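Comments concern the structure below.
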Amino acid sequence: MILAAVDDLLFTSKIHAAAKQRGVDVVFARSPEEFLAQARALRPALVIFDLNSQRLQPLSTIAGLKADASLARIRTIGFVSHVQVALIEAARSAGMDEVMARSAFAAKLGDILAKGPAFDVYRIRKDFPILRQKVHGKPLVYLDNGATTQKPQAVIDAMVRGYAEENANIHRGVHLLSERATKAYEDARGTVQRFLNAAESREIVFVRGTTEGINLVAQTYGRQRIQAGDEIVLSAMEHHSNIVPWQILCEETGARLRVIPITDEGELLLEEYEKLLNERTKFVSVVQVSNALGTINPVRQIVEKAHRFGIPVLLDGAQAVSHLNVDVRQLDCDFYVFSGHKLFGPTGIGVLYGKAALLDAMPPYQGGGDMISSVTFEKTHYNVVPYKFEAGTPNIIGAIGLGAAIDYLNSIDRDWMATYECDLLAYGTEALSQVANVQLTGTAKEKAGILAFVMDGVHPHDIGTILDQEGIAIRTGHHCCMPLMQRLGVPATARASLALYNTREEIDALVAGLDKVRQLFS
Ligand SMILES: Cc1ncc(COP(=O)(O)O)c(C=O)c1O
């Protein structure tokens, strides 16, 4: 949806025609008052201004838009009829994101509109067939994306095509189908490499998911390098899959866990983290985005502080990859793990990124086919990375599906997606904080995708069950973070977790459902 404050007839018809051609909805505002009312009601992905329009008072209208916190993130593009430096500067200082000459705007109109609908949520929703379902006779409101995300048709098609046209085992066959399957699997590795901005594709190991990635590092790197008396630093908001593998290692080696404490809002206490680092610390493993709180941790700083002591860092990116742009080289983390199913891809496939030098030096995780270069009964020579860590037939079609999920995400303007998600989270936070007897858990300044809460006098499971009757899927319980629940002093919370296809109307449905819960229990 695009909102245009343009009253020049020629441009109005040009925008109309270009929008129609691209299937983009466009609405024209005829007055400043109408413009702001439409912006509030329609939440457009983009607004276009004719800066020379007298009637639409562009400068004060933009200032009005930018002054409203809920509208300020909407992208604004203005055009001017000739180079009018003072007007351009005034538009910029009123908060306009981009100002273009009229001729350049006309030439780029197609591109501008193509970018706009790239974040039209209603269009995005059409890509996800499951979202058309009804549950208990009500339209499905899927707010359990932290547990797993839905899959776009492009992923489903890629997997069906994989089985229908390319299915064969990989790496070992000389026949055409095997070559095709091998290429598709290795292409998916390349797609993941570019997605994470890893330096080399051999730094991408396909695993079953985040859980297996962490276990792999604990059982290889950990067993090789961690000894009695050593310390492993985690945070108080870790998922069990980033606690238990390290605990197992501690039981095996005599090492011990140290835990970075958090504030009541759900933010890591960085000064306490620094105090935990010393010559005994041999590993740091922390979550980038908490699944139970939504907190975005300052992982770049965490890595940097650990590296000062020469300590490697693993980042659990399970909840981060679907919301944030991740650049492992910029983060400089040593390991990064995520699950395909939380990134709009299939279950049973995930990624362990590791710096090549570390992976090279690590012993294998499991033994079997494909992870060897030669075997005799006396001695086995292992394959090079990443194959050394991919024993047995891997999840070939899963990897292809994951590659398709990343391709799908790459077809969307990620900056716009982030802006949209940020706005949706702010809307949800505001809406939930207005519901009587509801308290949000996790109110960190930097958050992504999670609205966790408790309601006075109502167990989260009851909230979840009643909402289910309304067609609303949320998660309730300890979210595999029992130590965090203990820290928060609650046995469980209710959690609505958002993805790029969720809407404000779905948040409104959640709020209406919670009102029902409250009435039932009052
Ligand atoms: C932060 C975090 N880490 C790890 C995991 C485990 O992911 P998986 O079950 O896909 O291995 C999850 C799953 O919810 C998670 O949210």
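The values are calculated or read from the model by the stated rules, or taken from the named source; none is laboratory data. All values derive from a computational prediction rather than experimental measurement. Backbone-built Cβ (ideal geometry, glycine too); neighbour counts: all protein chains shown.
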task: Would you check if residue 284 is touching a helix residue (DSSP H, G or I) at 6+ places or on another chain (Cβ under 7 Å) and assigned to a helix (DSSP H, G or I)?
output: no
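Where residues in segment 4-26 are of a type outside the set (D, E, K, R) and over 36 Å from the mean Cα position of the chain (by Cα), which of them is surrounded by the fewest Cβ atoms within 10 Å (Cβ to Cβ)?
In this case the residue turns out to be 9.
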query: Which ranges mark the helices (runs of 4 or more DSSP H) fully within segment 416-521 that have 3 or more residues being within 16 Å of the ligand (Cβ to nearest atom)?
result: 482-488
statement: Of the residues in segment 165-193 that are free of Cβ contacts under 8 Å to residues at least 40 places away in the same chain and among the polar types (S, T, N, Q), the one that is nearest to residue 321 (Cα to Cα) is 193
field: In segment 462-484, the residues that are closer than 21 Å to residue 502 by Cβ and either in contact with a Leu (Cβ under 8 Å, 6 or more places away or on another chain) or acidic (Asp, Glu) (or both)
entry: 463, 466, 467, 468, 470, 471, 472, 473, 474
- request: Identify all residues within segment 55-82 that are within 21 Å of residue 45 (Cβ to Cβ), surrounded by 15 or more Cβ atoms within 10 Å (Cβ to Cβ) and either among the hydrophobic types (A, V, I, L, M, F, W, C) or not assigned by TED's automatic domain parsing to the domain that holds residue 26 (or both); write none if there are none.
  value: 56, 62, 63, 65, 71, 74, 77, 79
Hits in segment 274-300 - residues which are crowded, with 23+ Cβ neighbours inside 10 Å and closer than 22 Å to residue 221 by Cα: 283, 284, 285, 286, 287, 288, 299
- request: For segment 40-74, name all the residues that are over 31 Å from the mean Cα position of the chain (by Cα) and of a type in the set (Asp, Glu).
  value: 50
- request: Identify all residues within segment 345-364 that are within 15 Å of the ligand (Cβ to nearest atom) and more than 20 Å from the chain's Cα centre (by Cα); write none if there are none.
  value: none
query: Only one of (1) surrounded by 22 or more Cβ atoms within 10 Å (Cβ to Cβ); (2) touching a Lys or Arg at 6+ places or on another chain (Cβ under 9 Å); (3) assigned by TED's automatic domain parsing to the domain that holds residue 452 is not met by residue 141, so which one is it?
result: (2)
- request: Looking only at segment 132-154, count how many residues are within 21 Å of residue 401 (Cα to Cα) and either within 16 Å of the ligand (Cβ to nearest atom) or among the charged types (D, E, K, R) (or both).
  value: 8
field: Residue within segment 208-227 that is of a type in the set (Gly, Ala, Ser) and surrounded by fewer than 18 Cβ atoms within 10 Å (Cβ to Cβ) present
entry: no
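If a residue counts only when it is of a type outside the set (A, V, I, L, M) and out of contact with any helix residue (DSSP H, G or I) (no Cβ under 8 Å at 6 or more places or on another chain), which helices (runs of 4 or more DSSP H) contained entirely in segment 101-162 have at least 3 such residues?
Ranges flagged: 102-115.
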- request: Look at residue 29 and say whether it is over 27 Å from residue 431 (Cα atoms), buried (at least 18 other Cβ atoms within 10 Å of the Cβ) and in contact (Cβ under 8 Å) with a residue 12 or more places away in the chain.
  value: yes
- request: Would you tally the residues in segment 83-108 being aromatic (Phe, Trp, Tyr) and surrounded by fewer than 15 Cβ atoms within 10 Å (Cβ to Cβ)?
  value: 0
- prompt: Would you pick out the residues in segment 325-339 that are of a type in the set (Phe, Trp, Tyr) and within 13 Å of the ligand (Cβ to nearest atom)?
  reply: 336, 338
query: On the given criteria, is residue 315 within 16 Å of the ligand (Cβ to nearest atom) and under 19 Å from residue 281 (Cα atoms)?
result: yes
- prompt: Of the residues 305, 342, 275, which is basic (Lys, Arg) and within 13 Å of the ligand (Cβ to nearest atom)?
  reply: 342
